[in-house]
1. A:Phe21 fails exactly one of the following numbered conditions: (1) assigned to a loop (DSSP other than H, G, I, E, B); (2) within 14 Å of chain B (Cβ to nearest Cβ); (3) closer than 25 Å to A:Gly134 by Cα. What is the number of that condition?
2. Any residue at all in the range B:54-76 that is among the β-branched types (Val, Ile, Thr) and more than 14 Å from every other protein chain (Cβ to nearest Cβ)?
3. Inside the range B:1-18, can you point out the residues that are touching a helix residue (DSSP H, G or I) at 6+ places or on another chain (Cβ under 8 Å) and either under 23 Å from A:Ile120 (Cβ atoms) or facing another protein chain (nearest Cβ under 7 Å) (or both)?
4. Could you go through the range A:41-48 and let me know if any residue there is under 24 Å from B:Gln53 (Cβ atoms), surrounded by fewer than 17 Cβ atoms within 10 Å (Cβ to Cβ) and of a type in the set (Asp, Glu).
5. Quick one: which strands (runs of 3 or more DSSP E) sit completely within the range A:32-136 and have at least 2 residues that are away from chain B (no Cβ under 13 Å)?
6. Name the residue that is farthest from B:Phe11 (Cα to Cα), counting only residues in the range B:121-142 that are touching a residue at least 24 places away in the same chain (Cβ under 8 Å) and assigned to a loop (DSSP other than H, G, I, E, B).
7. Condition check: modelled with pLDDT of 95 or more, under 25 Å from B:Ala115 (Cβ atoms) and out of contact with any strand residue (DSSP E or B) (no Cβ under 9 Å at 6 or more places or on another chain). Does A:Glu89 satisfy that?
8. Kindly check whether there is at least one residue in the range A:76-88 that is out of contact with any His (no Cβ under 7 Å at 6 or more places or on another chain), within 14 Å of A:Ala12 (Cα to Cα) and buried (at least 20 other Cβ atoms within 10 Å of the Cβ).
Amino acid sequence: MVYLTRKAEFSASHYYNNPEFTPEENQRIFGKCNNPHGHGHNYTLEVTVKGEIDPRSGFVVDLKELKEIMNREVIEVVDHRYLNKEVAEFEDLIPTTENLAVTIWKWLDPRLSVARLHRIRVYETPDLFADYYGEP
Amino acid sequence: MKAYLTRRYRFSASHRLHCADMSEEENQVVYGKCNNSYGHGHNYFLEVTVAGQVDPRTGMVCNLADLDAFVRKNILKRFDHENLNTLPEFSAIVPTTENLCVEVYEILKREFRHAETEKVRMEETMLNSFEYAGGRELRPQD
């Protein structure tokens with residue numbers, strides 16, 4: 001089994017708010033992230049896939065194909081978007097780093113045929129990232 | 001959905017690698033420059049990974065404010081700008097970054113209540129780093 005990781009970058013804005021909480025609770029729990037006008041990050045996405053090396057091509061996965069899938073399924077959907085308002089999944093789901101990692105897994109997993117998805121890592125800043133391995 | 005959240009922190013500290021059970025010559029052979037009796041320092045990077053179910057109400061494994069406050073109070077305040085050899089934690093063990101990594105993991109495991117402590121990773125310099133997950137393997141099994 002060989003693991004391969006491809007990175008991509010996107011920039012997006014978001015804010016954290018749960019309509020079931022009072023404004024005071026939202027403020028206490030989410031702090032600055034509760035600003036309703038949103039704020040943004042330069043995100044880095046790392047997609048790690050795993051598989052056996054194809055003896056003919058020497059590849060675990062065709063990187064060009066992986067890059068195209070990542071661009072189509074993720075980057076074009078989230079780059080330069082206000083996640084809460086412009087990405088359907090986040091209408092009712094708070095776009096935290098954790099939820100972004102889980103959501104990106106859900107977008108990519110059904111699209112990969114040769115290699116299997118191992119990990120989604122989303123950096124919100126260089127000092128904060130979330131990992132999702134597809135665990136329930 | 002179980003996710004893992006990693007936060008990166010910085011602190012600076014000095015240490016001297018010296019084992020009281022070894023002779024001066026042995027210490028010199030084993031630790032080399034790190035055995036300098038006046039000690040020396042590093043800018044450490046600490047990565048704390050916590051794990052847990054993503055709370056459907058908050059979208060979080062744990063509130064970052066709770067993790068930051070805990071790490072500042074219980075780890076950074078304890079080790080930042082200290083000579084590690086003078087701390088009670090290292091009265092009987094050598095303050096290598098391996099031991100520091102284990103110590104930080106144990107503090108989190110023992111006292112941090114907002115999420116599971118998964119792993120501690122520490123960079124002593126840009127060229128070496130250490131990881132400890134309570135003796136467990138690092139990644140979920142395939």
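1. A:Phe21 satisfies all of (1) assigned to a loop (DSSP other than H, G, I, E, B); (2) within 14 Å of chain B (Cβ to nearest Cβ); (3) closer than 25 Å to A:Gly134 by Cα except (3).
2. If we filter the range B:54-76 for residues that are among the β-branched types (Val, Ile, Thr), which is where we start, we get B:54, B:58, B:61, B:71, B:75.
From the residues that got through so far, the ones that are more than 14 Å from every other protein chain (Cβ to nearest Cβ) too are B:75.
Checked the range B:54-76: at least one residue is among the β-branched types (Val, Ile, Thr) and more than 14 Å from every other protein chain (Cβ to nearest Cβ).
3. Step one: filter the range B:1-18 for residues touching a helix residue (DSSP H, G or I) at 6+ places or on another chain (Cβ under 8 Å), giving B:1, B:3, B:5, B:7, B:9, B:11, B:13-18.
Within the range B:1-18, B:Met1, B:Ala3, B:Leu5, B:Arg7 qualify.
4. Within the range A:41-48 (the criterion being under 24 Å from B:Gln53 (Cβ atoms), surrounded by fewer than 17 Cβ atoms within 10 Å (Cβ to Cβ) and of a type in the set (Asp, Glu)), the answer is yes, since at least one residue qualifies.
5. Working: elements: A:39-51, A:116-125, A:128-132.
Of the strands (runs of 3 or more DSSP E) lying wholly inside the range A:32-136, those with at least 2 residues that are away from chain B (no Cβ under 13 Å) span A:39-51.
6. Per the criteria, the residue is B:Gly134.
7. Yes: the conditions hold for A:Glu89.
8. Yes; the residues of the range A:76-88 include at least one that is out of contact with any His (no Cβ under 7 Å at 6 or more places or on another chain), within 14 Å of A:Ala12 (Cα to Cα) and buried (at least 20 other Cβ atoms within 10 Å of the Cβ).
The values are calculated or read from the model by the stated rules, or taken from the named source; none is laboratory data. These figures come from a predicted structure and were not determined experimentally. Here Cβ is always computed from backbone atoms with ideal geometry, including for glycine, and neighbour counts include all displayed protein chains.
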